[in-house]
1. Taking the range A:817-872 as the region of interest, how many residues are within 30 Å of the chain's Cα centre (by Cα) and on the phi > 0 side of the Ramachandran plot?
2. For A:V234, work out the one condition from (1) in the same structural domain as A:V282 (by TED's automatic domain parsing); (2) assigned to a strand (DSSP E or B) it doesn't fulfil.
3. Hey, does the range B:384-391 have a residue that's closer than 30 Å to A:A81 by Cβ, charged (D, E, K, R) and at pLDDT 95 or above?
4. In this structure, is B:E241 acidic (D, E) and in contact (Cβ under 8 Å) with a residue 24 or more places away in the chain?
5. Which of the residues spanning the range A:871-884 are free of Cβ contacts under 8 Å to residues at least 12 places away in the same chain and either surrounded by 23 or more Cβ atoms within 10 Å (Cβ to Cβ) or not acidic (D, E) (or both)?
6. When the residues of the range A:161-180 are narrowed to those that are touching a Ser or Thr at 6+ places or on another chain (Cβ under 6 Å) and either assigned to a loop (DSSP other than H, G, I, E, B) or surrounded by fewer than 21 Cβ atoms within 10 Å (Cβ to Cβ) (or both), which ends up nearest to the other protein chains (Cβ to nearest Cβ)?
7. Could you check the range A:482-514 and list, in sequence order, the residues that are of a type in the set (D, E) and surrounded by 15 or more Cβ atoms within 10 Å (Cβ to Cβ)?
8. Only residues that are away from chain B (no Cβ under 14 Å) and touching a residue at least 12 places away in the same chain (Cβ under 8 Å): list them for the range A:70-93, please.
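The values are calculated or read from the model by the stated rules, or taken from the named source; none is laboratory data. Everything numeric in this text was worked out from a predicted model, so none of it was measured. Ideal geometry is used to build each Cβ from the backbone, glycine not excepted, and the neighbour counts take in all protein chains shown.
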Amino acid sequence: MPSLPMRSFFAALFFVLAACAYSAQETPKAVVNPMHRAVLKTHCQGCHGEQKQKGKFRVDDLPEFIDSVQGAQRWQKVLNAMNSGEMPPDEEKQIESRVKADILEDLANGIVSARRSLSDQHGVIALRRLNRREYGNTLRELLGAKIDVSELPSDTRGGGFDTVGASLFMSGNQFEQYEALGREALEEAFALQAAAKVEKKLRFEAEKTLDSFAKINEGAYDRVRRASLWIKGVDEAAARPENATIVEELRKTEKTDTFLRNAWRKIPGAPAPEQFGFNNNVNPEVLSDMPSQIKTQFMAYERHYFEMTGLDTGAYLTIPAKPCFPPHANTWIPLVIPSDWPIGDYIFRVRVGATEQATPERRFLEFGKDPVTHKKTASLSTHHITGTMEAPQVIEIPYTLTSKLREGGNRTLFVRERGAGDVHNAVARFQTALSKNGIGPDLALWVDWLEIERKLTPENETPPGMRALRGIPLEDNAPAPSQEALGAALERFVWEAFRGVPAPKGTVDRLLNVYNARINSGAKHRAALLETLTSVLSAPRFLYRPEPESNEERRALNATELASRLSYFLWGAPPDAALLALAGGADLLLPDVLHAQVDRLLNDPRAEGFVTPFTTQWLLLDRLDLFQFNLGRYPRFDDNTKEAARNEVLETFAYLLKNNAPMSDLLKTDYVIINPVLAHYYGLEIGQGDEYRKVVLPAGSPRGGLLGMAAIMAMGSNGEHSNPVERGVWVLRKLLNDPPPPAPANVPEISRLAGKVLTTRERLQAHQEDPQCSSCHRKIDPIGFGLENFDAVGQWRTADSYTALDSAGKPDLKSKKTWSIEAAAIFYKGPAFQDYQAMRDILAVRTEGFARGFSAALIEYALGRPCGFSDENLVEDVVSQAKEKGLAAREFIHALVRSKEFHSK
Amino acid sequence: MNTPLPRRHFLQTSTALIALPFLESLGFRKFASAATGANARPPKRLLFIGFGWGVTEESWFPNVTQKGADYVLPAGLQPLERHKADFTVVQGLVNKYNTNGHYGSTFWLTGANEFGEPGQSFHNSVSVDQVAAEHLSNDTRFDSISLDCGAAAGSSGHGPGLSLSWNGRGKPIGGPRNPLEAFHRLFAKDTTPIEQQKVMLSQRRSVLDNAMEEARDLQRGLGKTDKAKLDEYFQGIRAIETRLSRDEKWLGVPRIEAPLLEPKPGLAGYEEIKLMYDIMVAALQTDCTRVLTYRQPVSTLLTSLDIKLDSHTMSHYHTGRGEKEEVSKRRDLSQSELLARLFDKLKSTKEADGTSLFDHTTVAYGSNIRTGHTLDNCPTILAGRGAGLKLGQNHVVTKDTPLCNAWLTLLQGVGSNAERHGDSTGVIKELLA
């Protein structure tokens, strides 16, 4: 479909390029198709012409070119009036449906083009502030401090990338947040520095949990036993014939047994709870419910637990009978980092094996922190257990303890079986097993020990900002530094903080003034130094990435500016020492050196700071968090799977970058990049190890490429049902680079189908009835139909069903309708396809549009401004250079980094 | 854009401001008395509450043919029955420039044209609350407070922004994002001795000075677009300085005791909105500020009602299945319940002269989105007797009346001499008593 290069930008019928060849200065104009003007003349001019100007609106003098804000506004008004059905009025002759749909489609696309053209920034990049994640990364690289910056605005709203300068605002509020966060990061860095030489190690043997497990529950069981005796006493008293009248009277208000027992004082002869060892303020209702509670159901499970072998050297993990109860049931095994251990990077280890009873889906271990308050939230990581009790495996997990995390339960690390923290499913699992075997679920995982270790920080890993302060005491127990020494240290710190830009004249003096003013008002050295450094971290040269251009002329970046542009592009973080060294000698401006640096940056783990934010925003992955998935309906799509599914998209792009594989693999390929959690979800074999890696697909698999990814399909749902419209729009936008115009305002919605039980196709068929709907949906819906074999959580299905809810919100089972999936459809003005595979094959060869869309996204992300019409040549260049290398992922980046635009202010 | 003179002037006078007799001449007595409530005529206040994804149109809007006081309250507004005589539903207002069916709040209080500036992909202008604050809040500790719902805003149909408020240059204004933050902003106690507070204020100024100097130094080398961007930084620092001089005026005046307990952290949805409303009332009651906006959550409101459907899907209830419309209606009922409770509170909170807060406050409640992607007939409820409005009405405006006409009516109603706002064409006389 998008075979012409311009196809993506212009609706070919209504608007054509006024100038086919144009330069960056010359923005193309949108021209109105005369055929459509003729329709407007016939249908509208009678009331909205020179003579009659109803509503003070004329169509006869609508501009031929949409080259002004006012002109766009007038055409927008025509579009609005037709979309809302207001025009032509009901009593007038209507425009033929097909013609109207064409006009609406072209007009909507034309206005999008016109808006885009009018807002074209012609290559001007507005001063870029560090966005939230860049700010956090920058503090990490400069100071080694990993602090939580989530209180800052996310900078991601508004549709564009979070790198676009014009949308990165600043306010007084935010300035103060930067001050507070900067101070926090410095405190953190000082504390890390102080603890650089501290080594710690602690091992906790899992069997140590067993004593309290047994003992404390004993107390609980005893309470249950005594409560049962009390209940028996009250029930017997209530059953006595002489109490019949009283009880009958009580029953009028106390309808349940529990309520009746609650009123035990009114029943003659009923025993008091005190007689059974309870204190006098115990709530009788609680007592009454105690024996029937799940507490007792755990007893058999516990007995079974203590009959297992392996308890002399380790302990098993259990599935809870009820959220969080009993607390000592070893649903998790904790390891507490002692409170006097310093902050810093730790390594957590666990030695663990699966039992013979462990089925494949139960061979996963979750690692997390704060098991009590975080019982409902996702774990920090999930690990595939391939070890056994005879040959357990040791899993190593890095954990960073920050000052903030030292509070509360964050020092309590734990392991649990996958899903044991998921209230909804875990309890159901327990109950199902209990009803089958009278005990509970098999014990699947056995833990030998947990371990935590802190290693000393090697001298050469001191972060650059802290290295800059060498020779300056960071605490008050040493003599305060001389002004000269302090000045020199501040100068070095500023150079690091400003990313290789030397402190401007006056800056160091002003910082010394800030320092001295504090000292003079009684502050100690440490506090004064902290405040002084904080003001460096809230200075504009730190918070923004300035590229000065004094005479308003576009100029080439110098090597230091280029180093920042490159590192924030490919790391989302400041340039490191190596990059700054190359910039210092201007070597970075040599093409070969630059090329090698791009490769080096992409090979560095920090490239994650490009892969994650870019991919997430490019492919709109945030939608995964927009709604809750119905876990009752889709228990397998738990948080572990959802995160693994999201990571699959990121890891696949990372794989393409790392191996310089073709971007077209995202359209269709014969492999997936997955971890064991997803392998299990997709039913694929993967082997040992938690990392994401390449797994070759069996023939006929629907996986391979973006469309086969669970995350992409799950995004095209609402957590309950698949959403073909959402999927169709996504494919048009992201794969075909042929985005439909934004959902128009004020289109009358179709309400006559509300509440009816229909198949998805029947429901969407209604879109074809009104031109206002069909103008876009004729393109969108067929693609959505082709993806209907994927359910709301991205699993393959051959049938779907719909059950209406009754007025109480419960499924009305009588209404249930089931149908088999028919994925066959016809692309609008395009080929027909029989099924998903055939549709994917059609999409897979449309690499041109996909490559253009990807390039435009890269340009916007890297340059920090919208990709406008004036970038058409740049897009063309990037795509054609990548094409020469078979669309290899890195070639897009190399081509962009080579471009004049990437080197220009 | 940035002249050093006014700031120098500010710094010179700022030390003098600390002397108390000077304060009285600056109107200190006036606000001090307002705070203690003696012999003061209660001031006028404005609240703006935006709820993102519109309403269920069939059951929220009164019948347009039943104009005036004699109308049947529709199902979606039933919880407001007891207040029927005290609010007016305005129908037919439009924000003609907004074309984005997912922007319920971005232009709601501004009426700006997103595409109004050539060469820019996004444009906005000042919101009505900020205009009102300039007029109403000279004597209060805070000129205005813009409350928000944090991360939930993204999925609640509000569109871009950090709250409902936009400053004089059309930049978003952020503020407390949950009840706890709001409580701390308004009622946090500073137990530092005055002398030390003075030292801290002056240290604060030297830090800001330094930031200002750094920015000025940077600005000299920048091109036009970058200068305009860096101007936000200057504006930010100035905003802090303005607040500092306000703080300075209030130095030594003890923070008012909060009329409610510190909220628990982590509340979301229904309870969160309820508490935010309480805090808004508390802010007015203690005269901390006279203008508040609140961009309230819809997505977490649904979650807190144990609804699994996401709010975007719910808002497009028409095209689909029956339960969406049910959810949409439940949303309306909950929102109306909360609003009714807010009215209760405003009515039961007494001013020093025996009148109630409701007598001096105007509540504007609504969204730029009617329902789904529909942007005409913005749902609007106006309540309270603070702006001379005619209440108890089902008022249908003439076709194409700008929403900004309603805002202009409120501005003038509270005594501002604003002549236009956004795309306004005049006041709506029929709304006035």
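1. Residues in the range A:817-872 being within 30 Å of the chain's Cα centre (by Cα) and on the phi > 0 side of the Ramachandran plot: 1 in total.
2. (2)
3. Among the residues of the range B:384-391, not one is closer than 30 Å to A:A81 by Cβ, charged (D, E, K, R) and at pLDDT 95 or above, which makes the answer no.
4. yes
5. A:S880, the sole residue that qualifies.
6. Among those residues, the one meeting the criterion is A:E179.
7. Within the range A:482-514, A:E491, A:E496 meet the criteria.
8. Those that are away from chain B (no Cβ under 14 Å) and touching a residue at least 12 places away in the same chain (Cβ under 8 Å): A:P88, A:E92, A:K93.
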